[in-house]
1. In segment 228-283, how many are assigned to a loop (DSSP other than H, G, I, E, B) and either small (Gly, Ala, Ser) or in contact with a Leu (Cβ under 6 Å, 6 or more places away or on another chain) (or both)?
2. If residue 123 satisfies every condition in (1) among the β-branched types (Val, Ile, Thr); (2) touching a residue at least 40 places away in the same chain (Cβ under 8 Å); (3) outside any helix (DSSP H, G or I) but one, which is the exception?
3. So, of the residues in segment 181-232 that are under 22 Å from residue 78 (Cβ atoms) and of a type in the set (Ser, Thr, Tyr), which turns out to be surrounded by the most Cβ atoms within 10 Å (Cβ to Cβ)?
4. Considering only residues that are more than 21 Å from residue 35 (Cβ to Cβ) and surrounded by fewer than 22 Cβ atoms within 10 Å (Cβ to Cβ), which ones fall in segment 260-305?
5. Limited to segment 274-306, what total is found for residues that are in contact with a Pro (Cβ under 9 Å, 6 or more places away or on another chain) and among the acidic types (Asp, Glu)?
6. What pairs can you find where one residue is in segment 77-88 and under 15 Å from residue 142 (Cβ atoms), the other is part of a loop (DSSP other than H, G, I, E, B) and of a type outside the set (Asp, Glu), and their Cβ atoms are less than 6 Å apart, with a gap of 6+ or different chains?
7. Answer yes if at least one residue in segment 151-162 is under 16 Å from the mean Cα position of the chain (by Cα), in contact (Cβ under 8 Å) with a residue 24 or more places away in the chain, assigned to a loop (DSSP other than H, G, I, E, B) and surrounded by 23 or more Cβ atoms within 10 Å (Cβ to Cβ), and no otherwise.
8. Pick out the one residue from 57, 41 that is surrounded by fewer than 18 Cβ atoms within 10 Å (Cβ to Cβ) and outside any helix (DSSP H, G or I).
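The numbers here are math on the coordinates, done by the rules we state, and not lab data. Since we're looking at a predicted model, the values are computed, not measured. Using ideal geometry, Cβ is built from the backbone for each residue, glycine included, and neighbour counts are taken over all protein chains shown.
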Amino acid sequence: MERPSRSATLELYKAAMLLSGVGDALGYRNQLWEYNESGPAIHQELQELGGLKNIKAELPDWPVSDDTVLHLATAEGLATGKTGEELMHEVAARYVEAMKDMEGRKPGPSSILGVSQLKPGEVGGYRVAYNPDGTGCGAAMRSMCIGLRYPKPDQLLSLVAVAVETGRMTHPHPTGFLGAVASALFTSYAIQRRPITTWGLGLINEACPIAKNFVEGRGYAVEETERDWGYFCDKWQWYLDLRGLAHGVGPAIWPASYGPAERDEAYKSFSLSGWAGRSGHDAPMIALDALLGAGSDWEELMSRAAFHGVREKTNQKYTLDRITS
């Protein structure tokens, strides 16, 4: 395969950013589908709308969620060209500003709490206190652009460092910020044209050890992070075993039937507490599962990745009052 030209690469980057927002808006459906418990019900409503090809994802009916607002904040910070701590303060400042654009959206409790603690411009102001509940998917959702910024194999250290530090601005638990590493890493693998069947193994064997060494080297919340480290990698190993990808070679193993109802049950089994896609480990896991099954079929990808149910929504009981009290 020929290397894409510079202009083609720019077009692909534009498409990636645009389609990430489109997918978010479609799956969110102005809050109507984000918390819908039934994938089959979502698919039924989708057909009543005329199917995916009949939807124009535009305002006022199809706004982007908090995830895209914060993803754009990450991208804008990276686009300044800053590096190191200067970049961290820049991103932190943009998260603080982006959190002002949440009317009608539903940022998660860890994102709200984390951003409320950021003090960009002050020494160490891009770091927040360790949060044992910071396992959510928010960091993963806003980190695709990090893979666009650091797409090459020899940029892996930078990719991991930026994903970890920006991720734990709101999700300092490893299950949360390693989701940012996974999202960024898989994006870089896509740019490298690396076979999708190898992505999960690369996450476990390549990126996660680098992330652990990075956390130890920075000396911040090391004991707590090491204590809580195991779940993310263990669950990803479980998933690779489930799909027959433990050695990085395919094809993936699928159930005999894997429609919307079956996927709801499968995604629930991926999850930390029964809420499919809610956590840092299983949000990118569902995305990878969808890519493995859909290939280049956009409609099938959306069917698998966006139009699924969530279960046992216990964490919706969190409110702004609770996390700021």
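1. 14
2. (2)
3. Residue satisfying both the conditions and the ranking: 183.
4. Within segment 260-305, 291, 292, 293, 294, 295, 296, 297, 298, 299, 300, 301 qualify.
5. Residues that pass the stated criteria total 0.
6. Within 6 Å, the pairs are 88/126.
7. There is no residue in segment 151-162 that is under 16 Å from the mean Cα position of the chain (by Cα), in contact (Cβ under 8 Å) with a residue 24 or more places away in the chain, assigned to a loop (DSSP other than H, G, I, E, B) and surrounded by 23 or more Cβ atoms within 10 Å (Cβ to Cβ).
8. Just one listed residue meets the conditions, 57.
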